[in-house]
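Q: Here's a structure for you.
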Amino acid sequence: MRLKHLAALCVLAPLAACNNASTQVTAEHSDAQPINQAQPSVDLNSLANTLKDRWLLTDSALVWNVTDTHEDHIEMSGEQTSAIIYYGNNGQGNLTLKRKLVWPMLRTIPNDTHASLIHDFDLSISPRISLDGQIVKQEQLLQVRLDGTLSLTTDLLADQGKKVSLTRTLTPSPTKPLMVERLTFTNNARETVKLGLDKLDYLFNTSAKDGVYGVYKIQATSDKAGEFDLASGQSLTVYVDFKATKSGQNTRFDGAKELQARLDYVESLKQDLQLETPDPILNKMFDFAKLRGAESIFRTKGGLMHAPGGGRYYAAIWANDQAEYINPFFPFLGNDNGNESAINSFRHFARFINDEGKHIPSSIIAEGDDIWDGAGDRGDCAMIAYGASRYALAKADKAQANELLPLIDWCIGFSYNKITKDGVIASDSDELEGRFPAGDVNLSTNMLTYGALVSASYLNNELGRSDIANEYQARASVLRGNIEGYFGANVQGFDTYRYFDGNTKLRAWIALPFTFGIFDRKEDTLAALLSDDLWSADGIYSEAGNKTFWDRSTLYAFRGIFNAQETDTAMRYFKYYSRKRLLGEHVPYAVEAWPEGNQRHLSAESALYARTVTEGLFGIEPTGFNRMNVAPYLPTGWDNMCLNNIRAFASNFDLCVNRKGTDSKGNDNFEITVKSDGQSQKISWDGQASIRVNL
């Protein structure tokens, strides 16, 4: 590595380049020889500790105790509605609140990708409040709480300054077309207060010509109205429903029941795939990532469909967000809706297998009724074949796996019909759809094709098709060499990868070879990713010299750096990122991008965060229906970590690693424990390379 590269890495990642941290590479993934050195004593928190937290992490929630002016937004979803809540306070400390609700199955005209019914309810669409006959004109924001719902606590300010607080708790129903807002009024004064509440009965009917199903009735209604005497310390609860329905649908709901259903749903997700590490921020961020990943599933007429969200992308699926990003994660979580949405999405894509060599559409929209392929072939077949193979291995359902084989085979065949004279795969664009140049042949499509071949080889071996498995493995080997020959290049002084022929700027996706187990250009690629050219306070820039960032590429990079056995370096940056996203200015999820979309909380990005843990930190790679490679490298200063209640491989098992001291040469020794069905496997591990585990 050149001196300038080393200097850049020393500034931003001294753990790997400057403190002689271990740089072992797994035998499964590389011919490189591991460097057998003891881990130094380092502060993995140093970068994260440069951040100033807005939020307080408690055992059960995130809390912002308001002392200044701030506004944020969060998305929460259920099977029939999604709520994007804009909240905070203004310069006078008063509550600001807008509820943007989306009903994906109430389709508008034209019935395209963005044709979900959307309606904004501002703060004025609330029951009018009075205290002892005086209208409340202001709400002073005191505290905000996030626990799978959003709670906003305010002081109600009337002319005589009565001390009554109001806590608004907002949540979508898990299954119904409404959002619930519970209003809890509490009298904090010594004397009784007369609380007056006007009835809320907001109604807006859409135009019949604008709706696929005619007129939609949009309502906001409250369940209590009148005057109430609140003694000192007494509380009153009111439920407000924000809902939309089409003709013939039920319009009456039990707000208390729907709020409890949401709380039960959030709690149920905490029980599966539990992360236990010495770092409470990572543990909590992982919990939130599971929630955001699993909640954004909609019950459409085309079956359950996971959707990105963000106010734009619903009742539709994409080859990247669903097939590539989140579907391989759902078997690990074991969420029934998640697994059903995954197999359903692959079935939708399989509808477009054809004999003419036409590409599969990038997106199937409008509840399955239409398609979008405005960017041409984005390498979508590579995305689908990779995601379907990984999903099938982890789901361990033989019938589903056999059902997916024709789709996987066709997609691999389609990719190879696009092979060039250089032995690499061409595509019209990539997942960024022309936002940045990708040439005729890009690194992303080729790495995904490589990953698809490796996982499809494992899957075919499992299903007894050893000849096809061997063919795919051979293709993977050849493609790996061709990727090195075509993409391996010196870019901006780093011996790393060009993204396409003619590319002269570093790109975030140079991390992809790490993620797929290729470490031939490890040192310079790591240096480039963490140099001033790409690394920023918000993550990894999409392209050097451009301030745009997408969390998907940052999370792929973290996963890849973990895979490259640069555990301390990966953890240093992963801790920083997690703390910023969980406790900073825009919380509590991974985001899509900036400036596009203003950092929307798209759902599949949260799955990529979770996969950074499962496949990166713990190094889990499915290799069969009851087999996996694992490489749970412990960061310096950690003695143990666990993933409990992993639901993959048709099992429910725990995977833990403990530090067991050092040998005579000062090398760390570890013990991996796998617990399943009341039985334990204990495996001594030298921490050098991934090991194979049979369940």
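Q: Return yes when Phe298 is assigned to a helix (DSSP H, G or I) and not charged (D, E, K, R) and no when it is not.
A: No: the conditions fail for Phe298.
Q: Follow-up question, since we're still on this one. Among the residues of segment 378-403, what is the count of those that are hydrophobic (A, V, I, L, M, F, W, C), at negative phi and touching a Pro at 6+ places or on another chain (Cβ under 8 Å)? Outline the logic, then answer.
A: Let us first name the residues in segment 378-403 that are hydrophobic (A, V, I, L, M, F, W, C), namely 381-385, 388, 392-394, 396, 399, 401.
Remaining after also requiring at negative phi: 381-385, 388, 392-394, 399, 401.
Still in the running and touching a Pro at 6+ places or on another chain (Cβ under 8 Å): 393-394.
Adding up the residues that qualify gives 2.
Q: I've got another one for you. Please list, ordered by first then second residue, the pairs with beta carbon atoms under 6 Å, 6 or more apart or interchain, first in segment 72-97 and hydrophobic (A, V, I, L, M, F, W, C), second not in a strand (DSSP E or B).
A: From residues that are hydrophobic (A, V, I, L, M, F, W, C), the pairs are Ile84/Gly311; Leu97/Leu123.
Q: Quick check on Ile510: is it assigned by TED's automatic domain parsing to the domain that holds Glu403, touching a residue at least 60 places away in the same chain (Cβ under 8 Å) and part of a helix (DSSP H, G or I)?
A: Answer is yes for this residue.
Q: Mind listing whichever residues of segment 145-165 are of a type in the set (A, V, I, L, M), within 17 Å of Gln92 (Cβ to Cβ) and not in a loop (DSSP other than H, G, I, E, B)?
A: Leu152, Leu156, Leu157
Q: Something else now. So, Ala438, is that one among the small types (Gly, Ala, Ser), within 26 Å of the chain's Cα centre (by Cα) and in a loop (DSSP other than H, G, I, E, B) or not?
A: The answer is yes for Ala438.
Q: When both residues are 6+ apart or on different chains and their Cβ atoms are under 6 Å apart, which pairs have a first residue that lies in segment 593-615 and is basic (Lys, Arg), and a second that is at pLDDT 95 or above?
A: Sorted first by the residue in segment 593-615, then by its partner, the pairs are Arg600/Gly310; Arg600/Glu592; Arg611/Phe329.
Q: When you go through Ile118, Ile125 one by one, which is the residue that is in contact (Cβ under 8 Å) with a residue 24 or more places away in the chain, assigned by TED's automatic domain parsing to the domain that holds Ala83 and either within 26 Å of the chain's Cα centre (by Cα) or not in a loop (DSSP other than H, G, I, E, B) (or both)?
A: Ile118
Q: Let me ask another. Got a sec? Which of Ser415, Ser345, Ser341 is over 20 Å from the mean Cα position of the chain (by Cα), of a type in the set (Gly, Ala, Ser) and either part of a loop (DSSP other than H, G, I, E, B) or surrounded by 20 or more Cβ atoms within 10 Å (Cβ to Cβ) (or both)?
A: Ser415
Q: Which residues, counting only those in segment 189-210, are among the basic types (Lys, Arg) and either assigned to a loop (DSSP other than H, G, I, E, B) or over 19 Å from Phe228 (Cα atoms) (or both)?
A: Passing the criteria: Arg190, Lys199, Lys209.
Q: Read through the list (1) closer than 23 Å to Tyr86 by Cβ; (2) within 32 Å of the chain's Cα centre (by Cα); (3) in a strand (DSSP E or B), then give the number of the only condition that Thr221 fails.
A: (2)
Q: Something else now. Yes or no: Pro331 more than 22 Å from Pro622 (Cβ to Cβ) and either surrounded by fewer than 24 Cβ atoms within 10 Å (Cβ to Cβ) or not acidic (Asp, Glu) (or both)?
A: No, not satisfied.
Q: Starting from segment 434-462, keep only residues that are without any contact (Cβ under 8 Å) to a residue 40 or more places away in the chain, then list their pairs with residues that are assigned to a helix (DSSP H, G or I) and buried (at least 23 other Cβ atoms within 10 Å of the Cβ) whose Cβ atoms are within a distance under 9 Å, requiring at least 6 positions of separation or different chains.
A: Ser457/Ser389; Ser457/Tyr472
The values are calculated or read from the model by the stated rules, or taken from the named source; none is laboratory data. These numbers come from a predicted model, not from an experiment. When we count neighbours, we look across all protein chains shown, and the Cβ atoms used for this are built from the backbone with ideal geometry, even at glycine.
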